[in-house]
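What follows is a short report on a single structure.
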Amino acid sequence: MNAITSLLSAFGLSTAAGLNAYLPLLTVGLLARYTNLIQLGEPYKLLTNPLVLLVIAVLALLDFIGDKIPAVDHVLHTAGLIIAPVAGAILFLSANSAAGSVSPLLAAICGIAVAGATHSARATARPLATFATAGVANPVISFMEDASALVLSVLAIILPVLAFLLVLLFAGLMFWLYRRLAARRAARRRSA
């Protein structure tokens with residue numbers, strides 16, 4: 001991977017970590033272990049270790065199940081405020097490790113910021129969905145988040161440009177939703 005594609009891949013993987021911290025780590029680890037699609041530099045080759053992959057897979061499964069249960073999902077999202085940015089930093093650093101195009105400190109900061117912002121948007125939206133649907137929509141929303149994280153992780157490795165375009169689309173959508181909600185709140189305040 002050259003410097004530009006590794007950078008685009010890093011942004012895609014970090015965004016995916018904000019949606020589900022474990023699936024992108026598992027995807028990177030499995031693809032690096034069993035294919036030539038991604039090469040990891042040291043110390044990120046640790047993600048290819050069978051024991052590490054097993055632990056990440058178990059955590060991914062527990063998160064997958066727990067995130068479908070209202071109340072449990074909110075606890076997981078609170079823990080995710082730390083876990084997602086850490087996973088984002090690891091993924092950004094690992095994607096950048098082979099090309100070494102960005103300083104490790106800047107890569108870690110970018111990974112933390114991207115995954116943290118994505119997770120924060122997700123964690124902010126979920127209570128609104130829980131309230132609006134009495135928790136009925138949570139499993140569906142959670143499944144869509146998991147599927148998006150997996151697809152974005154694979155695309156970030158196979159087609160980094162497309163993954164980055166999806167990240168930009170996601171950011172634009174979040175900005176649009178934020179502006180729309182802010183306008184609604186302002187309108188309610190004016191009418192009250």
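Quick notes on this one:
- When 136, 154, 140 are checked against the criterion of being among the β-branched types (Val, Ile, Thr) and modelled with pLDDT of 90 or more, a single residue qualifies: 154.
- Which numbered condition residue 115 fails, given (1) in contact with a Ser or Thr (Cβ under 9 Å, 6 or more places away or on another chain); (2) over 24 Å from residue 52 (Cα atoms); (3) surrounded by 19 or more Cβ atoms within 10 Å (Cβ to Cβ): (2)
- Residue check: residue 135 meets all listed conditions (1) buried (at least 17 other Cβ atoms within 10 Å of the Cβ); (2) touching a residue at least 60 places away in the same chain (Cβ under 8 Å) but one, namely (1).
Each row is one residue, and each column tells you yes or no for (1) within 15 Å of residue 80 (Cβ to Cβ); (2) part of a helix (DSSP H, G or I).
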residue	(1), (2)
5	no, yes
11	no, yes
17	yes, yes
32	no, yes
38	no, no
42	no, no
53	no, yes
60	yes, yes
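- Cβ-Cβ distances below 9 Å connect the following pairs, each with a first residue in region 69-94 that is on the phi > 0 side of the Ramachandran plot and surrounded by fewer than 17 Cβ atoms within 10 Å (Cβ to Cβ), a second residue that is not aromatic (Phe, Trp, Tyr) and not in a loop (DSSP other than H, G, I, E, B), and a separation of six or more residues or different chains: 71/130.
- Answer residue from region 45-68, given it is within 19 Å of residue 142 (Cα to Cα) and charged (D, E, K, R) and is surrounded by the fewest Cβ atoms within 10 Å (Cβ to Cβ) among those: 68
- Test result for residue 16, of a type in the set (Gly, Ala, Ser) and surrounded by 21 or more Cβ atoms within 10 Å (Cβ to Cβ): yes
- You will find that of 186, 123, the residue that is free of Cβ contacts under 8 Å to residues at least 60 places away in the same chain, over 29 Å from residue 29 (Cα atoms) and part of a helix (DSSP H, G or I) is 186 and no other.
- Taking (1) assigned to a helix (DSSP H, G or I); (2) basic (Lys, Arg); (3) under 30 Å from residue 134 (Cβ atoms) in turn, residue 68 satisfies each apart from (1).
- Residues located in region 71-115, provided they are of a type in the set (Ser, Thr, Tyr), assigned to a helix (DSSP H, G or I), in contact with a helix residue (DSSP H, G or I) (Cβ under 7 Å, 6 or more places away or on another chain) and at pLDDT below 90: 97
The values are calculated or read from the model by the stated rules, or taken from the named source; none is laboratory data. Bear in mind the structure is a predicted one, so any value in this text is a computation, not a measurement. Backbone-built Cβ (ideal geometry, glycine too); neighbour counts: all protein chains shown.
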